[in-house]
Structures are given as structure tokens and as C-alpha cells.
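Participant: This is the structure I have questions about; it appears just below.
Derivation of every value follows stated rules applied to the coordinates shown; laboratory data play no part. These figures come from a predicted structure and were not determined experimentally. Cβ placement follows ideal geometry from the backbone for every residue including glycine, while neighbour counts extend to all protein chains displayed.
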Amino acid sequence: MAKKIDEVKEVKEEKIEIKKDDEKVKVEVKEEIKTDKKVKKEKNIEAIVNIYTSYNNSIAHVTDMSGRTIAKVTGGMVTKHSRLKANPTIAMFIAKRIGEVMKEKGIKSIYIKIRAKTGNPNPGPGANAIVKSLSKEGFKILNILDVTRIPRGGPKKKGGRRGRRP
């Protein structure tokens, strides 16, 4: 971040030699110039990138810190082949589209939340590709969280009190 500089003193020294009737006279001239230089502060705008990846699709949703949507891009918006929506190559294109919108808004640093399908141990193939390409585009990644939902017990299984009998 740039800081404001109040006053800068520039000193200019000039040495002039003047010839007068075969005598050399040296004159030194000093000037002090005061100037005000102001440098604009760059805003460091932060955003949250929510990445949802399954084995069938990749969705990237960018929000500001209060939760308002800035951009949302899915695999289907980038490709028309449904079998390629979860592909890491398509995920790179998703990140490129999101990066363009974030640069227009002036966002420089991001928090990343990665989510997989509920109950899956790891996210789909597109999550790492999105994170990698966003960092290559010059965004500062502050934090990466895994926010995958984990079932704890769940609903009652069918079969009644005594279970399924043969």
C-alpha cells in the first residue's frame, strides 16, 4: 500500500562561471523547491470464492464479504458437452472468466471455500484447477477452507425396530 508523502524538498545547485575583464568570478546558486506529492492509496478489496465441485459439474460463485454476488460461473456456461463440465481444463476457463470480473471490480485478495458433494471424502477434479489458475492470475489467496457437509447420523433407516428379516 502506498503512503502519502507530505513535503519533499528538492535542492538544485548550479555553478556558473562568468568572465569579467580577464577575471573569473564563480557564482553558486542554490534553490530550494517545496513540492507536495500525493500518492493515492490503493484499496485492497477482498472477496470470497465459493467452489462447488462434484464428479459431474464445477460451480464457482464469487461474493463480497457481506455475501452479495459478484459473479457466478458454472461448467455448463463454459462448455456445451455435459461430460466435460467437471474437467480440470474447463475449471481453468471458469477461473479465467471469474478473474476478469474480479479484476474489473478491483478485487486483489480472496478467501476460498471448497465444497464437495455431501458425504464425499474429497472434492471433484475441478477444485484444484480453479485455485491454481486464480493464483496464477495474480490474486492473493488469504485462506482456503473445506466446507463440505458431513452427515452425522442422518435419518432413521428403513426396516423397523427389529430390522429386515429373511
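Participant: Give the residue that is farthest from Asp64 (Cα to Cα), with candidates limited to residues of region 141-166 that are in contact with a Ser or Thr (Cβ under 8 Å, 6 or more places away or on another chain) and without any contact (Cβ under 8 Å) to a residue 60 or more places away in the chain.
Facilitator: Checking each candidate, the answer is Pro151.
Participant: Give the residues of region 51-107 that are part of a helix (DSSP H, G or I) and more than 15 Å from the chain's Cα centre (by Cα), sorted by residue number. Steps first, answer last, please.
Facilitator: The initial filter retains those residues of region 51-107 that are part of a helix (DSSP H, G or I), namely 75-78, 82-84, 88-105.
Listed by number, the residues that qualify are Gly75, Gly76, Met77, Val78, Ser82, Arg83, Leu84, Pro88, Thr89, Ile90, Ala91, Phe93.
Participant: Scan region 63-92 residue by residue and report those that are under 18 Å from Pro123 (Cα atoms) and hydrophobic (A, V, I, L, M, F, W, C).
Facilitator: Selection gives Val73, Leu84, Ala86, Ile90, Ala91, Met92.
Participant: Report whether or not Ile110 is surrounded by 11 or more Cβ atoms within 10 Å (Cβ to Cβ), under 13 Å from Ala47 (Cα atoms) and among the aliphatic types (A, V, I, L, M).
Facilitator: In short, yes.
Participant: Can you pull out every residue in region 117-140 that is closer than 21 Å to Thr89 by Cα and without any contact (Cβ under 8 Å) to a residue 60 or more places away in the chain? Reasoning before the result, please.
Facilitator: Of region 117-140, the ones closer than 21 Å to Thr89 by Cα are 117, 122-139.
Asn122, Asn128, Ala129, Lys132, Ser133, Ser135, Lys136, Glu137, Gly138, Phe139 - these are the residues of region 117-140 that are closer than 21 Å to Thr89 by Cα and without any contact (Cβ under 8 Å) to a residue 60 or more places away in the chain.
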